[in-house]
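Colleague: Before anything else, here's the structure in question.
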Amino acid sequence: MILLKYILLLFSFCLVAAGCQQHRKFFDYDEVIHYYHPGDGSEPISSPDNGKSGLDTLRSGVIEGGIPRDITDTAFIARLKEMGYSPRPLKQSAFPEIDALFSEKDASDASVTSCIRIYRDVLIFRKHNKVTGIAKICFECGDYNFNGTQTSTESFGSPNDYERLYHLLHGKGQ
């Protein structure tokens with residue numbers, strides 16, 4: 001009986017230790033759509049108080065960072081194509097790499113950004129056709145803006161993360 005208790009205790013310890021080794025994903029999803037804006041940053045980005053259209057104001061908020069405000073702020077997604085973003089669903093074969101990049105990690109070599117961020121890459125994570133996460137990425141600055149995760153994202157952003165993600169989204173054959 002004592003041996004059985006010892007085995008059960010050891011088994012429980014192994015399960016807990018294995019669970020600690022697994023890192024929580026930032027987003028729960030069954031579909032990822034990558035939107036990309038090819039602009040070079042030289043195009044003017046309008047501000048709300050200069051008399052430009054609502055689309056210009058929306059585009060400015062998406063590209064420069066204020067939109068979305070939170071995970072429920074998804075109306076902008078329907079207008080991304082009007083703003084110059086091109087959509088491309090990611091293949092399910094890319095999901096393991098997405099999971100590895102968008103999950104908690106033990107340590108980060110994240111650097112401080114030193115440019116004006118321009119979010120040309122927007123990832124929309126969906127589960128059962130409902131938006132569960134939004135990730136906006138500026139590869140030039142090494143900056144990101146995530147909505148929809150309850151997980152700590154502080155470990156995202158090592159130079160290697162950006163390089164791997166850039167290759168995944170923009171590499172040949174994608």
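Colleague: As a test question: what accessible area, to the nearest 10 Å², does Y166 have when a 1.4 Å probe is rolled over all protein chains in place?
Modeller: 110
Colleague: For D143, list long-range residues whose amide hydrogen, built 1.01 Å from N in the peptide plane, is under 5 Å from its own amide hydrogen.
Modeller: HN-HN under 5 Å from D143: C138.
Colleague: Around E31, which amide H atoms from residues at least 5 apart in sequence, or from another chain, sit under 5 Å from its own amide H, with H modelled in the peptide plane?
Modeller: R126
Colleague: State which entries of K105/K130; K81/K136; K105/K127 exceed 20 angstrom in Cα-Cα distance in the structure shown.
Modeller: K105/K130; K105/K127
Colleague: Using only the heavy atoms of the protein chains and a 1.4 Å probe, how would Y85, Y144 rank by accessible area, largest first?
Modeller: Final ranking, largest accessible area leading: Y144, Y85.
Colleague: Just read off the accessible area of H167 with the full protein assembly in place, 1.4 Å probe, to the nearest 10 Å².
Modeller: Estimated to the nearest 10 Å², H167 gives 120 Å².
The values are calculated or read from the model by the stated rules, or taken from the named source; none is laboratory data. No experiment lies behind these values; they were computed from the predicted model shown. Just the protein is used for accessible areas: all its heavy atoms, side chains included, with ligands, DNA and RNA removed. Shrake-Rupley method; radii C 1.70, N 1.55, O 1.52, S 1.80 Å.
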